[in-house]
Amino acid sequence: MINVFNPADGSIVGEAPELGAADIQAAIDRTCSAFPQWSRKLAKERGDLLRRWFELIRADKRVFAEIMVKENGKCLSEALGEIDYGLGFIEWYAEEAKRVYGDTIPSHAAGAEILVFKEPAGPTAAITPWNFPFMMIARKIATALAAGCTMIIKPSELTPLTAYKMLEYARKAGIPEGVFEMVTGNPKEIGELFTGDSRIRKISFTGSTAVGKMLAAACGNDLKKMTLELGGNAPFIVFDDASIDDAATSLVAAKLRNSGQVCISPNRIYVQDAIHDRFVAAVAEKVARIRVDQGMQEAFVVGPLINQTGIDKVAELVDDAKSAGAQVVLGGKPHAKGGLFYEPTVLAGLTDDMRMAHTEIFGPVFAVYRFHTEDEVVTRANHSEYGLVAYVFTRDLARSFRLSRNIEAGMVILNSGSVGTASIPFGGIKHSGYGREGSYYGIEEYVEVKYVLMAGLDK
């Protein structure tokens, strides 16, 4: 069995099965065997089952939230928010199942008609991370099932309890065995079995860029479809015409979500010269008011990092920046609580040659850089292998349009720290991955387009 630990205190909060190759293969077989019947179900039937699943979970949100706090460490308010976010995808795709439309095209031949069908891609698989153990699964499984695909999921071995609770409620809702399967065990072995089975026609992966590249290479053997949501190094750009308070408030909320352990977390905070010092002071003042504590409470708190590897990485990045001349405005060290808690940290005076500028921090660290001109900051923002999301604060409408076009990212967020809901196409470019999740673009990732020519209609 796989022991699941509470990152707040190191206690064991549950366990998940550590499946061997035979059991994993059997689950894959069930996923593939269930596809023909599931794909032939009416779209409304699939949508109704998703809707039932949505309603059952919504009625017991607190149960799911408390499980998530125990195995992930995020605070209760964040966990409840994540469940609402994930439920939004289930609800959206319960409705979107009925809207996978085909097309007709004017014929190039006399006495013929051209039809375009969108058919389910086939059995699919997904690998999900620990930082959003509910939402990530909801987003992937709801989309796949709505499209008429079956799916087998490997959740993170760090947070499998939420995942298995979701599976339990899916069965209560009537989603049958094979249509939604779950496996836990050795990540490398499971990944190889997913990628090596030619019957699996698509894999969706959220996680590190390094692992995503390995999966993409393996999927190339069978030309599997893929959706990859990988690492990020998000710029957060504040111009001198922006509201300092609005920008600082949005930054703090976006950065401290899940203690900074989010792929869309602001990573490089660029502030224009004229307001730099006032902005840094405003951020530090807001951050200083937020408590660091375990998450099983109603108030918002900054929780622990997920494991020792995570806190060691943050500490190393901060220490490296300090040794290179960065100014510690707030924090800058592991928290007095010990364990996996790290002080929310504000650093100023950073330069682009520091290691932190090129590394996804994944912790509660505000790394602030000065900039002078628009052209300069666009160049610096784009000087990254990643291109997931960028945030910009400015009151200048023309500048907003320019930046939305010139910044290299799959998502550009203007004057807000909130990225999205089920209705938007989430995803990145460059080494942040490809494909989109959410909106009607998301379900397109799970269908194949079939062109049919019907000739001889004039005889």
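The values are calculated or read from the model by the stated rules, or taken from the named source; none is laboratory data. Quantities reported herein were computed from a predicted structural model and do not represent experimental measurements. Using ideal geometry, Cβ is built from the backbone for each residue, glycine included, and neighbour counts are taken over all protein chains shown.
Side notes on the structure shown:
- Residue count, the stretch 162-206 (criterion: crowded, with 19+ Cβ neighbours inside 10 Å and on the phi > 0 side of the Ramachandran plot): 2
- Qualifying residue in the stretch 381-398 (condition: assigned to a loop (DSSP other than H, G, I, E, B), touching a strand residue (DSSP E or B) at 6+ places or on another chain (Cβ under 7 Å) and closer than 28 Å to Lys70 by Cα): no
- Selection of the stretch 343-370 for residues being in contact (Cβ under 8 Å) with a residue 40 or more places away in the chain, crowded, with 21+ Cβ neighbours inside 10 Å and part of a strand (DSSP E or B) yields Val346, Ala348, Val365, Phe366, Ala367, Val368, Tyr369.
- Criterion: free of Cβ contacts under 8 Å to residues at least 60 places away in the same chain and farther than 22 Å from Val292 by Cα - qualifying residue of Gly332, Gly325: Gly325
- Meets criteria (within 30 Å of Ser198 (Cβ to Cβ), assigned by TED's automatic domain parsing to the domain that holds Gly438 and outside any helix (DSSP H, G or I)) for Tyr101: yes
- Qualifying residue in the stretch 161-180 (condition: more than 13 Å from Leu19 (Cβ to Cβ) and either outside the structural domain of Ser11 (by TED's automatic domain parsing) or touching an Asp or Glu at 6+ places or on another chain (Cβ under 7 Å) (or both)): yes
- Criterion: part of a loop (DSSP other than H, G, I, E, B) and under 30 Å from Leu158 (Cβ atoms) - qualifying residue of Ala321, Ala299, Ala315: Ala299
- Condition check for Tyr451: in contact with a Lys or Arg (Cβ under 7 Å, 6 or more places away or on another chain) and either assigned to a strand (DSSP E or B) or surrounded by 17 or more Cβ atoms within 10 Å (Cβ to Cβ) (or both): no
- One residue stands out in the stretch 282-297 among those that are touching a residue at least 40 places away in the same chain (Cβ under 8 Å) and aliphatic (A, V, I, L, M): the one that is surrounded by the fewest Cβ atoms within 10 Å (Cβ to Cβ), namely Ala288.
- Every residue from the stretch 378-410 that is under 15 Å from Gly231 (Cα atoms) and either among the β-branched types (Val, Ile, Thr) or in the same structural domain as Met136 (by TED's automatic domain parsing) (or both): Val389
- Filtering the stretch 384-435 to residues that are under 22 Å from Ala242 (Cβ atoms), free of Cβ contacts under 8 Å to residues at least 24 places away in the same chain and not hydrophobic (A, V, I, L, M, F, W, C) leaves Ser400, Ser404, Arg405, Gly420.
- All positions within the stretch 70-90 that are surrounded by fewer than 23 Cβ atoms within 10 Å (Cβ to Cβ) and more than 16 Å from the chain's Cα centre (by Cα): Leu76, Ser77, Leu80
- With respect to the stated conditions, Tyr93 is closer than 23 Å to Val449 by Cβ, modelled with pLDDT of 95 or more and within 21 Å of the chain's Cα centre (by Cα).
- Of all the listed residues (Leu223, Leu215), the sole one being of a type in the set (A, V, I, L, M, F, W, C), outside the structural domain of Gly332 (by TED's automatic domain parsing) and assigned to a loop (DSSP other than H, G, I, E, B) is Leu223.
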